[in-house]
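Structure, as structure tokens:
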Amino acid sequence: MPTIQGVNDGYGPVLGAPARDSSEVSDLDFMALLVAQIQNQDPLSPMDNAQFTSQITQFSMLDELTGMQALLEENLAIGQSINNTSMLALVGKDVTVEGNAVSVAEGVVSENMVATPLPGNARIEVTDSSGRVVRSYTREIDAGMTDVSWDGKGDDGNALEDGDYTISVKLTGKADGEEMPFTTLMTAAVEGMRFENNVAVVMLGGRDFYVTDIYKVS
């Protein structure tokens, strides 16, 4: 006997029918439940009009809230997409992030800053790629962010060659000379960007930083 395709045998869904979340309640589901409740209610204590109206109203509100949530999620996704697209404009720009790297290229030295909640005195050392100290100097530090950039010269006053260097800072209070908390910042050009879990990640100096790690864009 030939087999007829696409006919539900009563024990499973018809082939090709869209699957539906078991937790989803549609308008038809609600009406079926309401009719069944009316049919099986106690004849001596039937549902009054106020109760009937209340159930209809509650379902309408739930249905409306579900629609609003879907619309909100859609708008959030659109907003995130627009935000991620705008982040691409950072590529090639100089940004300031936490770090102590210094680069010298064609005699131009990258910027470094110190961020601290209180003023103090900073002693700064610059080391080359071999770890040798090539320059030491001091700076007065204000509350907030203070520029502590190196001028690219050694202790003898001569300009040093292009390359990668590291800046180390020791910050002490002006009044008591005690060490203070601070953050060393570096400035570098954004070399590229990628998205991780729909969050923008910028690449600079061979390291990855989240956009939220950026202190400023220049």
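The values are calculated or read from the model by the stated rules, or taken from the named source; none is laboratory data. If you're wondering where the values come from, they're calculated on a predicted model, not measured in any experiment. Heads up, the Cβs are rebuilt from the backbone with ideal geometry, glycines too, and the neighbour counts pull from every protein chain shown.
Considering only the stretch 143-153, I want to know if a residue exists there that is assigned to a strand (DSSP E or B), aliphatic (A, V, I, L, M), assigned by TED's automatic domain parsing to the domain that holds GLU98 and under 19 Å from VAL97 (Cβ atoms). Among the residues of the stretch 143-153, at least one is assigned to a strand (DSSP E or B), aliphatic (A, V, I, L, M), assigned by TED's automatic domain parsing to the domain that holds GLU98 and under 19 Å from VAL97 (Cβ atoms), which makes the answer yes.
A Cβ distance below 9 Å, combined with a sequence gap of six or more or placement on separate chains, defines the contacts here; from the stretch 129-148, residues that are exposed (fewer than 11 other Cβ atoms within 10 Å of the Cβ) reach residues that are of a type in the set (Asp, Glu) and part of a strand (DSSP E or B) in the pairs SER129/ASP164.
Within the stretch 92-107, the residues that satisfy the criterion of being in a strand (DSSP E or B) and touching a Gly at 6+ places or on another chain (Cβ under 8 Å) are ALA101, SER103, VAL104. Going by the conditions given, is GLU98 under 21 Å from VAL211 (Cα atoms), surrounded by 12 or more Cβ atoms within 10 Å (Cβ to Cβ), charged (D, E, K, R) and under 26 Å from the mean Cα position of the chain (by Cα)? It is true that GLU98 is under 21 Å from VAL211 (Cα atoms), surrounded by 12 or more Cβ atoms within 10 Å (Cβ to Cβ), charged (D, E, K, R) and under 26 Å from the mean Cα position of the chain (by Cα). Counting only residues that are crowded, with 17+ Cβ neighbours inside 10 Å and assigned to a strand (DSSP E or B), the stretch 108-127 holds 10 of them. So, ARG207, is that one within 19 Å of GLU111 (Cα to Cα) and out of contact with any Lys or Arg (no Cβ under 6 Å at 6 or more places or on another chain) or not? Considered against the rule, which asks whether it is within 19 Å of GLU111 (Cα to Cα) and out of contact with any Lys or Arg (no Cβ under 6 Å at 6 or more places or on another chain), ARG207 comes out as yes.
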